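Here's the structure we're looking at; comments come further down.
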Amino acid sequence: MTTPSSAGYLERGQACLRCRRRKVRCDGSRPACGQCVRADRQDDCEYADPSGPTTTQMLEQRMSQLQTRIAELESQKSVPLELHDPYERFRASRNDSSGQQALSPVNVPADVSQAMLQSFSQHSSEFGFFLNGARFLQRINPRQSASRPQHLTLLLNTIYLMAVDVYADPGWKAQQPAFLGNVLQELPNAMSLADASNIMDVLQAEVLLAYYFLNSNRQLEGAYHLNAAVSIVMACKLNILRSAHPQIAGGVGLGAIEYRLSPPADDIEEGERINAFWTVFSLERIWAVTLGTASAFTDDDSMGTQIDIPWPLDMAGYQNRRLSPDLRGTRTIQAFLRNPASDSNASMLSLYAKSTILFYQATQLARRWNPDDRGYQSEFRRFDGYLERYKQSLPPVDRVGPGRADITRSLLVIHSLAHCATIQLHMPTSRDWSSSVRVITAALSAARNIQIANLDAVPFINPIVGASLTIIAQTLGRGIAMRAAVPGRTNTGPDEGTLNAALNAIITAFRRWSGGSLYLRHQLSLLR
(Lines give C-alpha, C1' and ligand atoms only; values in the text may rest on other atoms or scores of the structure.)
Protein backbone atom coordinates (compact mmCIF):
# COMPACT_ATOMS: atom_id res chain seq x y z
CA MET A 1 0.00 0.00 0.00
CA THR A 2 1.37 3.41 -0.91
CA THR A 3 0.79 6.74 0.78
CA PRO A 4 1.08 9.92 -1.27
CA SER A 5 2.25 12.06 1.61
CA SER A 6 4.24 11.17 4.70
CA ALA A 7 2.49 14.00 6.55
CA GLY A 8 -0.90 12.52 5.74
CA TYR A 9 -2.04 15.77 4.10
CA LEU A 10 -3.87 15.61 0.80
CA GLU A 11 -4.37 18.41 -1.65
CA ARG A 12 -7.95 19.30 -2.49
CA GLY A 13 -9.62 16.77 -4.78
CA GLN A 14 -7.22 13.89 -4.09
CA ALA A 15 -9.36 11.99 -1.57
CA CYS A 16 -11.10 8.81 -2.68
CA LEU A 17 -14.70 9.14 -3.83
CA ARG A 18 -16.13 7.26 -0.83
CA CYS A 19 -14.39 9.57 1.67
CA ARG A 20 -15.56 12.58 -0.32
CA ARG A 21 -19.17 11.42 -0.16
CA ARG A 22 -18.90 10.75 3.59
CA LYS A 23 -16.93 14.00 4.16
CA VAL A 24 -14.23 12.27 6.22
CA ARG A 25 -10.45 12.66 6.16
CA CYS A 26 -8.77 10.40 3.59
CA ASP A 27 -5.09 9.44 3.74
CA GLY A 28 -4.94 8.83 -0.02
CA SER A 29 -3.34 5.41 0.29
CA ARG A 30 -3.67 3.10 -2.69
CA PRO A 31 -5.07 0.75 -3.73
CA ALA A 32 -7.36 1.43 -0.77
CA CYS A 33 -7.19 4.21 1.81
CA GLY A 34 -7.13 3.63 5.55
CA GLN A 35 -10.75 4.70 6.05
CA CYS A 36 -12.01 2.16 3.51
CA VAL A 37 -9.76 -0.61 4.85
CA ARG A 38 -10.96 -0.08 8.42
CA ALA A 39 -14.57 -0.12 7.25
CA ASP A 40 -13.92 -3.28 5.18
CA ARG A 41 -14.99 -1.36 2.08
CA GLN A 42 -11.82 -1.71 0.03
CA ASP A 43 -13.84 -2.47 -3.06
CA ASP A 44 -15.56 0.92 -2.76
CA CYS A 45 -12.27 2.83 -2.65
CA GLU A 46 -12.11 4.53 -6.04
CA TYR A 47 -10.06 7.56 -7.02
CA ALA A 48 -11.01 10.05 -9.70
CA ASP A 49 -8.69 10.02 -12.68
CA PRO A 50 -7.39 13.59 -13.23
CA SER A 51 -7.35 12.97 -16.99
CA GLY A 52 -10.95 11.88 -17.19
CA PRO A 53 -14.06 10.65 -15.36
CA THR A 54 -14.22 7.45 -13.36
CA THR A 55 -16.03 4.44 -14.72
CA THR A 56 -18.95 5.11 -12.40
CA GLN A 57 -19.17 8.68 -13.62
CA MET A 58 -19.01 7.55 -17.25
CA LEU A 59 -21.93 5.16 -16.83
CA GLU A 60 -23.95 7.71 -14.87
CA GLN A 61 -23.30 10.20 -17.68
CA ARG A 62 -24.52 7.71 -20.27
CA MET A 63 -27.68 7.04 -18.25
CA SER A 64 -28.26 10.80 -17.96
CA GLN A 65 -27.78 11.25 -21.70
CA LEU A 66 -30.32 8.51 -22.39
CA GLN A 67 -32.82 10.15 -20.04
CA THR A 68 -32.33 13.48 -21.82
CA ARG A 69 -32.72 11.89 -25.24
CA ILE A 70 -35.88 10.07 -24.18
CA ALA A 71 -37.34 13.35 -22.92
CA GLU A 72 -36.47 15.05 -26.22
CA LEU A 73 -38.18 12.35 -28.26
CA GLU A 74 -41.26 12.32 -26.06
CA SER A 75 -41.58 16.10 -26.56
CA GLN A 76 -41.65 15.72 -30.35
CA LYS A 77 -45.28 15.10 -31.20
CA SER A 78 -44.37 14.17 -34.75
CA VAL A 79 -42.49 11.10 -33.51
CA PRO A 80 -45.01 8.49 -32.26
CA LEU A 81 -42.76 6.80 -29.73
CA GLU A 82 -43.97 5.24 -26.51
CA LEU A 83 -40.97 5.27 -24.22
CA HIS A 84 -40.58 4.31 -20.58
CA ASP A 85 -37.97 5.27 -18.01
CA PRO A 86 -37.44 1.87 -16.36
CA TYR A 87 -36.03 3.41 -13.18
CA GLU A 88 -38.57 6.17 -12.66
CA ARG A 89 -40.57 4.01 -10.25
CA PHE A 90 -37.37 2.73 -8.68
CA ARG A 91 -36.49 6.27 -7.65
CA ALA A 92 -40.08 6.96 -6.65
CA SER A 93 -40.30 3.79 -4.56
CA ARG A 94 -37.27 4.87 -2.57
CA ASN A 95 -39.13 8.08 -1.73
CA ASP A 96 -42.37 6.19 -1.00
CA SER A 97 -44.18 8.37 -3.50
CA SER A 98 -45.15 6.06 -6.31
CA GLY A 99 -48.87 6.67 -5.94
CA GLN A 100 -49.79 4.46 -8.90
CA GLN A 101 -52.28 1.63 -8.83
CA ALA A 102 -50.68 -1.79 -9.06
CA LEU A 103 -51.35 -3.82 -12.19
CA SER A 104 -53.03 -7.18 -11.84
CA PRO A 105 -50.70 -10.09 -12.61
CA VAL A 106 -51.45 -12.18 -15.68
CA ASN A 107 -52.79 -15.60 -14.68
CA VAL A 108 -50.85 -18.22 -16.64
CA PRO A 109 -52.21 -21.78 -16.19
CA ALA A 110 -49.63 -24.40 -15.25
CA ASP A 111 -49.88 -26.25 -18.57
CA VAL A 112 -49.52 -23.02 -20.56
CA SER A 113 -46.60 -21.95 -18.38
CA GLN A 114 -44.84 -25.24 -19.04
CA ALA A 115 -45.45 -24.98 -22.79
CA MET A 116 -44.27 -21.37 -22.93
CA LEU A 117 -41.11 -22.18 -21.00
CA GLN A 118 -40.45 -25.08 -23.36
CA SER A 119 -40.86 -22.80 -26.39
CA PHE A 120 -38.62 -20.20 -24.81
CA SER A 121 -35.90 -22.74 -24.00
CA GLN A 122 -35.61 -23.68 -27.67
CA HIS A 123 -34.67 -20.08 -28.53
CA SER A 124 -33.30 -18.84 -25.20
CA SER A 125 -29.76 -18.27 -26.48
CA GLU A 126 -31.15 -15.83 -29.06
CA PHE A 127 -32.59 -13.75 -26.21
CA GLY A 128 -29.37 -13.66 -24.17
CA PHE A 129 -30.42 -16.24 -21.57
CA PHE A 130 -27.27 -17.22 -19.67
CA LEU A 131 -28.63 -19.12 -16.63
CA ASN A 132 -28.62 -22.90 -16.40
CA GLY A 133 -32.05 -23.91 -17.71
CA ALA A 134 -32.55 -27.02 -15.58
CA ARG A 135 -31.67 -25.25 -12.35
CA PHE A 136 -33.87 -22.31 -13.20
CA LEU A 137 -36.86 -24.59 -13.77
CA GLN A 138 -36.24 -26.22 -10.39
CA ARG A 139 -36.27 -22.83 -8.69
CA ILE A 140 -39.62 -21.81 -10.17
CA ASN A 141 -41.47 -24.91 -9.01
CA PRO A 142 -45.18 -24.18 -9.76
CA ARG A 143 -46.20 -25.73 -6.44
CA GLN A 144 -44.31 -22.94 -4.66
CA SER A 145 -45.64 -20.04 -6.71
CA ALA A 146 -47.31 -18.42 -3.70
CA SER A 147 -43.99 -18.08 -1.89
CA ARG A 148 -41.88 -17.30 -4.95
CA PRO A 149 -39.36 -14.49 -4.27
CA GLN A 150 -39.88 -11.19 -6.07
CA HIS A 151 -36.77 -11.51 -8.21
CA LEU A 152 -37.93 -14.90 -9.52
CA THR A 153 -41.41 -13.57 -10.24
CA LEU A 154 -39.82 -10.71 -12.17
CA LEU A 155 -37.64 -13.05 -14.21
CA LEU A 156 -40.48 -15.48 -14.92
CA ASN A 157 -42.74 -12.68 -16.17
CA THR A 158 -39.90 -11.37 -18.32
CA ILE A 159 -39.55 -14.82 -19.86
CA TYR A 160 -43.30 -14.91 -20.53
CA LEU A 161 -42.93 -11.50 -22.19
CA MET A 162 -40.35 -12.96 -24.58
CA ALA A 163 -41.92 -16.41 -24.95
CA VAL A 164 -45.19 -15.22 -26.50
CA ASP A 165 -43.22 -14.33 -29.66
CA VAL A 166 -42.27 -17.98 -30.20
CA TYR A 167 -45.18 -19.75 -28.48
CA ALA A 168 -47.45 -21.74 -30.78
CA ASP A 169 -50.69 -20.20 -29.44
CA PRO A 170 -50.95 -16.67 -30.91
CA GLY A 171 -53.75 -15.82 -28.49
CA TRP A 172 -51.19 -15.18 -25.76
CA LYS A 173 -49.51 -12.56 -27.94
CA ALA A 174 -52.31 -10.20 -26.91
CA GLN A 175 -51.10 -10.51 -23.31
CA GLN A 176 -47.67 -9.12 -24.14
CA PRO A 177 -48.50 -5.52 -23.08
CA ALA A 178 -49.79 -6.86 -19.76
CA PHE A 179 -46.63 -8.89 -19.21
CA LEU A 180 -44.54 -5.82 -20.02
CA GLY A 181 -46.54 -3.68 -17.62
CA ASN A 182 -46.07 -6.21 -14.83
CA VAL A 183 -42.34 -6.49 -15.49
CA LEU A 184 -41.78 -2.73 -15.48
CA GLN A 185 -43.85 -2.51 -12.31
CA GLU A 186 -41.94 -5.33 -10.56
CA LEU A 187 -38.46 -4.27 -11.65
CA PRO A 188 -37.98 -1.25 -9.32
CA ASN A 189 -38.90 -3.21 -6.20
CA ALA A 190 -36.82 -6.22 -7.25
CA MET A 191 -33.92 -3.86 -7.89
CA SER A 192 -34.29 -2.15 -4.52
CA LEU A 193 -34.38 -5.53 -2.73
CA ALA A 194 -31.59 -7.10 -4.77
CA ASP A 195 -28.51 -8.40 -3.02
CA ALA A 196 -25.58 -10.62 -3.92
CA SER A 197 -27.72 -13.77 -3.60
CA ASN A 198 -30.26 -12.81 -6.27
CA ILE A 199 -28.70 -10.05 -8.38
CA MET A 200 -27.99 -12.51 -11.22
CA ASP A 201 -31.74 -13.03 -11.67
CA VAL A 202 -32.27 -9.27 -11.88
CA LEU A 203 -29.38 -9.03 -14.34
CA GLN A 204 -30.96 -11.76 -16.46
CA ALA A 205 -34.25 -9.85 -16.49
CA GLU A 206 -32.46 -6.67 -17.60
CA VAL A 207 -30.76 -8.53 -20.45
CA LEU A 208 -34.05 -10.03 -21.61
CA LEU A 209 -35.68 -6.60 -21.48
CA ALA A 210 -32.87 -5.13 -23.57
CA TYR A 211 -33.47 -7.82 -26.20
CA TYR A 212 -37.23 -7.31 -26.00
CA PHE A 213 -36.97 -3.58 -26.69
CA LEU A 214 -34.42 -4.15 -29.46
CA ASN A 215 -36.69 -6.71 -31.09
CA SER A 216 -39.58 -4.23 -30.73
CA ASN A 217 -37.48 -1.52 -32.44
CA ARG A 218 -37.51 0.60 -29.29
CA GLN A 219 -33.77 1.07 -29.20
CA LEU A 220 -33.49 3.89 -26.68
CA GLU A 221 -35.43 1.92 -24.09
CA GLY A 222 -33.36 -1.13 -24.91
CA ALA A 223 -30.17 0.88 -24.49
CA TYR A 224 -31.40 2.05 -21.10
CA HIS A 225 -31.89 -1.50 -19.83
CA LEU A 226 -28.62 -2.58 -21.42
CA ASN A 227 -26.79 0.17 -19.54
CA ALA A 228 -28.42 -1.08 -16.34
CA ALA A 229 -27.13 -4.58 -17.17
CA VAL A 230 -23.63 -3.20 -17.75
CA SER A 231 -23.79 -1.43 -14.38
CA ILE A 232 -24.76 -4.66 -12.61
CA VAL A 233 -22.01 -6.63 -14.38
CA MET A 234 -19.39 -4.12 -13.25
CA ALA A 235 -20.88 -3.86 -9.76
CA CYS A 236 -20.49 -7.63 -9.45
CA LYS A 237 -16.93 -7.37 -10.82
CA LEU A 238 -17.61 -10.06 -13.38
CA ASN A 239 -14.99 -8.47 -15.62
CA ILE A 240 -12.22 -9.73 -13.32
CA LEU A 241 -13.74 -13.10 -12.47
CA ARG A 242 -10.82 -15.58 -12.32
CA SER A 243 -8.33 -12.81 -13.03
CA ALA A 244 -4.70 -13.89 -13.07
CA HIS A 245 -3.91 -10.54 -11.47
CA PRO A 246 -6.53 -9.99 -8.77
CA GLN A 247 -6.47 -6.45 -7.56
CA ILE A 248 -8.67 -3.99 -5.77
CA ALA A 249 -10.64 -2.01 -8.31
CA GLY A 250 -13.50 0.39 -7.93
CA GLY A 251 -16.85 -1.15 -8.75
CA VAL A 252 -19.47 0.37 -10.95
CA GLY A 253 -23.10 0.05 -10.03
CA LEU A 254 -26.39 1.83 -9.84
CA GLY A 255 -25.41 4.79 -7.73
CA ALA A 256 -23.33 3.53 -4.80
CA ILE A 257 -24.75 -0.03 -4.87
CA GLU A 258 -22.26 -2.87 -5.10
CA TYR A 259 -22.66 -6.64 -4.98
CA ARG A 260 -20.07 -8.90 -3.40
CA LEU A 261 -20.86 -12.28 -4.86
CA SER A 262 -20.11 -15.25 -2.66
CA PRO A 263 -17.78 -17.90 -4.11
CA PRO A 264 -19.67 -20.03 -6.66
CA ALA A 265 -21.05 -23.30 -5.35
CA ASP A 266 -19.79 -25.24 -8.37
CA ASP A 267 -18.70 -24.97 -12.00
CA ILE A 268 -22.26 -24.45 -13.19
CA GLU A 269 -22.85 -21.42 -11.01
CA GLU A 270 -19.48 -19.96 -11.96
CA GLY A 271 -20.28 -20.68 -15.60
CA GLU A 272 -23.49 -18.69 -15.31
CA ARG A 273 -21.46 -15.70 -14.16
CA ILE A 274 -18.88 -16.08 -16.93
CA ASN A 275 -21.59 -16.40 -19.57
CA ALA A 276 -23.48 -13.46 -18.07
CA PHE A 277 -20.49 -11.20 -18.61
CA TRP A 278 -19.91 -12.22 -22.22
CA THR A 279 -23.62 -12.02 -23.04
CA VAL A 280 -23.85 -8.43 -21.82
CA PHE A 281 -20.47 -7.50 -23.26
CA SER A 282 -21.33 -8.80 -26.75
CA LEU A 283 -24.71 -7.11 -26.94
CA GLU A 284 -23.27 -3.82 -25.68
CA ARG A 285 -20.42 -3.83 -28.19
CA ILE A 286 -22.73 -4.47 -31.15
CA TRP A 287 -25.15 -1.83 -29.91
CA ALA A 288 -22.27 0.65 -29.61
CA VAL A 289 -21.40 0.15 -33.28
CA THR A 290 -25.04 0.39 -34.34
CA LEU A 291 -25.64 3.63 -32.42
CA GLY A 292 -22.20 5.06 -33.20
CA THR A 293 -21.23 5.41 -29.53
CA ALA A 294 -18.19 4.39 -27.50
CA SER A 295 -18.41 1.12 -25.61
CA ALA A 296 -18.91 1.23 -21.85
CA PHE A 297 -16.45 -1.66 -21.54
CA THR A 298 -13.25 0.36 -21.69
CA ASP A 299 -10.92 -2.53 -20.74
CA ASP A 300 -8.67 -0.16 -18.79
CA ASP A 301 -6.91 -1.42 -15.68
CA SER A 302 -6.32 2.13 -14.43
CA MET A 303 -10.10 2.55 -14.23
CA GLY A 304 -10.83 -0.89 -12.81
CA THR A 305 -12.53 -2.03 -16.03
CA GLN A 306 -9.87 -4.43 -17.30
CA ILE A 307 -11.30 -7.62 -18.77
CA ASP A 308 -9.52 -10.59 -17.21
CA ILE A 309 -12.35 -13.11 -17.36
CA PRO A 310 -11.88 -16.43 -19.24
CA TRP A 311 -13.75 -17.17 -22.45
CA PRO A 312 -17.18 -18.75 -21.95
CA LEU A 313 -18.10 -22.38 -22.43
CA ASP A 314 -21.43 -23.81 -23.50
CA MET A 315 -23.46 -24.82 -20.44
CA ALA A 316 -22.73 -28.50 -21.09
CA GLY A 317 -19.04 -27.71 -20.68
CA TYR A 318 -19.61 -26.49 -17.14
CA GLN A 319 -21.83 -29.47 -16.37
CA ASN A 320 -19.08 -31.81 -17.59
CA ARG A 321 -16.47 -30.03 -15.44
CA ARG A 322 -14.42 -28.71 -18.34
CA LEU A 323 -13.73 -25.49 -16.41
CA SER A 324 -10.19 -26.12 -15.21
CA PRO A 325 -9.51 -25.00 -11.62
CA ASP A 326 -6.26 -23.42 -12.85
CA LEU A 327 -7.87 -21.44 -15.68
CA ARG A 328 -7.22 -17.71 -15.35
CA GLY A 329 -7.92 -14.68 -17.48
CA THR A 330 -5.21 -12.17 -18.36
CA ARG A 331 -6.27 -9.21 -20.51
CA THR A 332 -8.48 -11.60 -22.43
CA ILE A 333 -9.49 -9.26 -25.24
CA GLN A 334 -6.05 -7.71 -25.72
CA ALA A 335 -4.48 -11.17 -25.99
CA PHE A 336 -7.14 -12.23 -28.49
CA LEU A 337 -6.60 -9.15 -30.68
CA ARG A 338 -2.89 -9.92 -30.82
CA ASN A 339 -3.71 -13.30 -32.38
CA PRO A 340 -7.43 -14.07 -32.93
CA ALA A 341 -6.81 -17.58 -34.29
CA SER A 342 -4.70 -18.71 -31.33
CA ASP A 343 -7.52 -19.50 -28.89
CA SER A 344 -9.07 -22.95 -29.19
CA ASN A 345 -12.31 -22.24 -27.30
CA ALA A 346 -15.02 -22.82 -29.91
CA SER A 347 -18.19 -22.58 -27.84
CA MET A 348 -20.94 -20.68 -29.62
CA LEU A 349 -20.97 -17.89 -27.02
CA SER A 350 -17.18 -17.62 -27.22
CA LEU A 351 -17.22 -17.33 -31.02
CA TYR A 352 -20.08 -14.83 -30.81
CA ALA A 353 -18.08 -12.69 -28.38
CA LYS A 354 -14.94 -12.92 -30.53
CA SER A 355 -16.78 -11.91 -33.71
CA THR A 356 -18.31 -9.04 -31.78
CA ILE A 357 -14.87 -7.91 -30.61
CA LEU A 358 -13.52 -7.96 -34.17
CA PHE A 359 -16.60 -6.15 -35.49
CA TYR A 360 -16.18 -3.38 -32.92
CA GLN A 361 -12.40 -3.18 -33.33
CA ALA A 362 -12.64 -2.98 -37.13
CA THR A 363 -15.15 -0.15 -36.85
CA GLN A 364 -12.91 1.77 -34.45
CA LEU A 365 -9.84 1.18 -36.62
CA ALA A 366 -11.65 2.35 -39.76
CA ARG A 367 -12.67 5.57 -38.03
CA ARG A 368 -8.99 6.37 -37.54
CA TRP A 369 -8.13 5.73 -41.18
CA ASN A 370 -4.92 7.56 -42.08
CA PRO A 371 -3.08 6.52 -45.26
CA ASP A 372 -0.10 8.73 -44.37
CA ASP A 373 0.58 7.22 -40.94
CA ARG A 374 2.98 4.28 -41.26
CA GLY A 375 2.23 3.09 -37.75
CA TYR A 376 -1.48 3.04 -38.48
CA GLN A 377 -0.99 1.25 -41.80
CA SER A 378 1.08 -1.42 -40.07
CA GLU A 379 -1.63 -1.89 -37.44
CA PHE A 380 -4.27 -2.01 -40.19
CA ARG A 381 -2.49 -4.73 -42.18
CA ARG A 382 -1.77 -6.78 -39.07
CA PHE A 383 -5.40 -6.67 -37.94
CA ASP A 384 -6.62 -7.46 -41.46
CA GLY A 385 -4.44 -10.57 -41.55
CA TYR A 386 -5.62 -11.70 -38.12
CA LEU A 387 -9.24 -11.17 -39.14
CA GLU A 388 -8.91 -13.31 -42.26
CA ARG A 389 -7.29 -16.16 -40.33
CA TYR A 390 -10.03 -15.98 -37.72
CA LYS A 391 -12.76 -16.24 -40.36
CA GLN A 392 -11.06 -19.26 -41.89
CA SER A 393 -11.00 -20.96 -38.48
CA LEU A 394 -14.78 -20.68 -37.94
CA PRO A 395 -16.92 -23.85 -38.18
CA PRO A 396 -18.69 -23.91 -41.58
CA VAL A 397 -22.45 -23.39 -41.60
CA ASP A 398 -23.01 -26.26 -44.04
CA ARG A 399 -21.39 -28.80 -41.69
CA VAL A 400 -24.05 -28.44 -38.99
CA GLY A 401 -26.22 -31.50 -38.41
CA PRO A 402 -29.91 -31.32 -39.41
CA GLY A 403 -31.12 -31.49 -35.81
CA ARG A 404 -29.05 -28.57 -34.52
CA ALA A 405 -30.98 -25.49 -35.57
CA ASP A 406 -29.58 -23.72 -32.51
CA ILE A 407 -26.03 -24.12 -33.85
CA THR A 408 -27.11 -22.96 -37.32
CA ARG A 409 -28.70 -19.83 -35.84
CA SER A 410 -25.60 -19.04 -33.84
CA LEU A 411 -23.17 -19.61 -36.71
CA LEU A 412 -25.17 -17.40 -39.07
CA VAL A 413 -24.81 -14.53 -36.60
CA ILE A 414 -21.14 -15.32 -35.87
CA HIS A 415 -20.14 -15.47 -39.55
CA SER A 416 -22.13 -12.37 -40.49
CA LEU A 417 -20.44 -10.31 -37.76
CA ALA A 418 -16.99 -11.52 -38.82
CA HIS A 419 -17.61 -10.64 -42.47
CA CYS A 420 -19.03 -7.28 -41.41
CA ALA A 421 -15.76 -6.65 -39.60
CA THR A 422 -13.98 -6.94 -42.96
CA ILE A 423 -16.55 -4.65 -44.59
CA GLN A 424 -16.21 -2.02 -41.86
CA LEU A 425 -12.42 -2.21 -41.94
CA HIS A 426 -12.10 -1.68 -45.70
CA MET A 427 -15.00 0.71 -46.20
CA PRO A 428 -12.82 3.87 -46.06
CA THR A 429 -10.92 2.72 -49.18
CA SER A 430 -13.94 1.40 -51.12
CA ARG A 431 -14.69 4.26 -53.48
CA ASP A 432 -15.17 2.47 -56.81
CA TRP A 433 -15.47 -1.03 -58.23
CA SER A 434 -11.76 -1.86 -58.33
CA SER A 435 -11.18 -0.74 -54.73
CA SER A 436 -14.31 -2.46 -53.39
CA VAL A 437 -13.45 -6.07 -54.19
CA ARG A 438 -12.58 -6.90 -50.55
CA VAL A 439 -15.82 -5.59 -49.06
CA ILE A 440 -17.95 -7.11 -51.82
CA THR A 441 -16.23 -10.48 -51.44
CA ALA A 442 -16.93 -10.38 -47.69
CA ALA A 443 -20.58 -9.51 -48.31
CA LEU A 444 -20.89 -12.39 -50.80
CA SER A 445 -19.36 -14.82 -48.31
CA ALA A 446 -21.87 -13.75 -45.67
CA ALA A 447 -24.74 -14.08 -48.14
CA ARG A 448 -23.51 -17.51 -49.21
CA ASN A 449 -24.01 -18.77 -45.66
CA ILE A 450 -27.62 -17.61 -45.86
CA GLN A 451 -28.02 -19.33 -49.24
CA ILE A 452 -26.73 -22.72 -48.05
CA ALA A 453 -28.48 -22.74 -44.66
CA ASN A 454 -31.82 -24.47 -44.16
CA LEU A 455 -33.85 -21.41 -43.20
CA ASP A 456 -36.97 -23.53 -42.69
CA ALA A 457 -35.27 -24.82 -39.53
CA VAL A 458 -34.54 -21.25 -38.38
CA PRO A 459 -37.90 -19.49 -37.97
CA PHE A 460 -36.45 -17.10 -35.37
CA ILE A 461 -32.98 -15.60 -34.96
CA ASN A 462 -31.13 -13.23 -32.67
CA PRO A 463 -32.53 -9.81 -33.67
CA ILE A 464 -29.05 -8.30 -33.48
CA VAL A 465 -28.40 -9.98 -36.84
CA GLY A 466 -30.41 -7.13 -38.33
CA ALA A 467 -27.45 -4.80 -37.83
CA SER A 468 -25.03 -7.04 -39.72
CA LEU A 469 -27.46 -8.06 -42.47
CA THR A 470 -28.19 -4.39 -43.16
CA ILE A 471 -24.47 -3.69 -43.64
CA ILE A 472 -24.16 -6.73 -45.92
CA ALA A 473 -27.21 -5.83 -48.02
CA GLN A 474 -26.13 -2.21 -48.40
CA THR A 475 -22.67 -3.35 -49.48
CA LEU A 476 -24.16 -5.66 -52.11
CA GLY A 477 -26.43 -2.86 -53.32
CA ARG A 478 -23.49 -0.51 -53.75
CA GLY A 479 -21.59 -3.27 -55.50
CA ILE A 480 -24.39 -3.76 -58.02
CA ALA A 481 -24.48 -0.03 -58.73
CA MET A 482 -20.69 0.22 -59.10
CA ARG A 483 -20.55 -2.91 -61.28
CA ALA A 484 -23.11 -1.45 -63.64
CA ALA A 485 -21.16 1.81 -63.81
CA VAL A 486 -17.93 0.15 -64.98
CA PRO A 487 -17.40 1.19 -68.63
CA GLY A 488 -17.29 -1.81 -70.93
CA ARG A 489 -17.04 -5.37 -69.67
CA THR A 490 -14.54 -6.42 -67.02
CA ASN A 491 -13.52 -9.81 -65.74
CA THR A 492 -12.56 -8.40 -62.33
CA GLY A 493 -14.78 -9.50 -59.46
CA PRO A 494 -18.25 -11.09 -59.42
CA ASP A 495 -20.86 -10.39 -62.10
CA GLU A 496 -24.18 -8.63 -61.57
CA GLY A 497 -26.11 -11.90 -61.53
CA THR A 498 -24.08 -13.21 -58.59
CA LEU A 499 -24.50 -9.94 -56.71
CA ASN A 500 -28.26 -9.83 -57.31
CA ALA A 501 -28.70 -13.44 -56.19
CA ALA A 502 -26.80 -12.71 -52.98
CA LEU A 503 -28.83 -9.58 -52.27
CA ASN A 504 -32.08 -11.47 -52.90
CA ALA A 505 -30.98 -14.13 -50.39
CA ILE A 506 -30.45 -11.45 -47.73
CA ILE A 507 -33.81 -9.84 -48.48
CA THR A 508 -35.54 -13.25 -48.32
CA ALA A 509 -33.97 -13.97 -44.92
CA PHE A 510 -35.02 -10.54 -43.67
CA ARG A 511 -38.61 -11.16 -44.72
CA ARG A 512 -38.66 -14.61 -43.14
CA TRP A 513 -37.36 -13.36 -39.79
CA SER A 514 -39.10 -9.99 -39.68
CA GLY A 515 -42.51 -11.54 -38.99
CA GLY A 516 -41.73 -11.66 -35.28
CA SER A 517 -39.41 -8.67 -35.11
CA LEU A 518 -40.30 -5.00 -35.57
CA TYR A 519 -36.59 -4.21 -35.55
CA LEU A 520 -35.86 -6.54 -38.47
CA ARG A 521 -38.93 -5.17 -40.23
CA HIS A 522 -37.56 -1.65 -39.77
CA GLN A 523 -34.11 -2.65 -41.04
CA LEU A 524 -35.72 -4.26 -44.08
CA SER A 525 -37.57 -1.02 -44.84
CA LEU A 526 -34.22 0.79 -45.00
CA LEU A 527 -33.20 -1.39 -47.94
CA ARG A 528 -36.13 -0.51 -50.17
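The residues in region 357-404 that are of a type in the set (Gly, Ala, Ser), surrounded by fewer than 20 Cβ atoms within 10 Å (Cβ to Cβ) and under 23 Å from residue 278 (Cα atoms) can be counted, and the count is 1. Taking the listed residues 204, 185, the one that is under 23 Å from residue 465 (Cα atoms), assigned to a helix (DSSP H, G or I) and not hydrophobic (A, V, I, L, M, F, W, C) is 204, with no other qualifying. Condition test on residue 178, is it in contact with a Pro (Cβ under 9 Å, 6 or more places away or on another chain), in a helix (DSSP H, G or I), of a type in the set (A, V, I, L, M) and surrounded by fewer than 21 Cβ atoms within 10 Å (Cβ to Cβ)? Here the answer is yes, as residue 178 does meet what is asked. Looking across region 339-350, just one residue is at pLDDT 80 or above and either under 18 Å from residue 385 (Cα atoms) or of a type in the set (Val, Ile, Thr) (or both), and that is 339. Take the conditions (1) farther than 17 Å from residue 113 by Cβ; (2) part of a loop (DSSP other than H, G, I, E, B); residue 232 misses just one of them, which is (2). Here residue 437 passes the criteria (1) surrounded by fewer than 18 Cβ atoms within 10 Å (Cβ to Cβ); (2) closer than 21 Å to residue 366 by Cβ; (3) at pLDDT 95 or above except the one numbered (3).
Evaluate region 186-199: report whether one residue or more is farther than 19 Å from residue 151 by Cβ and in contact (Cβ under 8 Å) with a residue 60 or more places away in the chain. No, region 186-199 has no match at all.
Output the residue which, of all residues in region 228-262 that are polar (S, T, N, Q) and at pLDDT below 90, is surrounded by the most Cβ atoms within 10 Å (Cβ to Cβ). Ranking the candidates gives 243 first. Within region 150-165, residues that are under 12 Å from residue 180 (Cα atoms) reach partners that are outside any helix (DSSP H, G or I) with beta carbons closer than 6 Å, at six or more positions or on different chains, in the pairs 156/140. If you go through region 276-310 and pick out every residue that is assigned to a helix (DSSP H, G or I) and within 11 Å of the chain's Cα centre (by Cα), you end up with 13.
The residues on offer are 439, 486, and the sole one that is β-branched (Val, Ile, Thr), assigned by TED's automatic domain parsing to the domain that holds residue 411, farther than 30 Å from residue 119 by Cα and out of contact with any helix residue (DSSP H, G or I) (no Cβ under 9 Å at 6 or more places or on another chain) is 486.
Against the conditions (1) among the hydroxyl-bearing types (Ser, Thr, Tyr); (2) closer than 30 Å to residue 319 by Cα; (3) at pLDDT below 95, residue 158 satisfies every one except (3).
Kindly provide the set of residues from region 444-479 that are of a type in the set (Val, Ile, Thr) and over 24 Å from the mean Cα position of the chain (by Cα), ordered by number.
Across region 444-479, the qualifying residues are 452, 475.
Just to be sure, is residue 187 within 22 Å of residue 230 (Cα to Cα), modelled with pLDDT of 95 or more and not polar (S, T, N, Q)? It is false that residue 187 is within 22 Å of residue 230 (Cα to Cα), modelled with pLDDT of 95 or more and not polar (S, T, N, Q).
The values are calculated or read from the model by the stated rules, or taken from the named source; none is laboratory data. Being a predicted model, the structure only gives us computed values, none of them experimental. Every residue, glycine among them, receives a Cβ derived from its backbone with ideal geometry; neighbour counts consider all protein chains shown.
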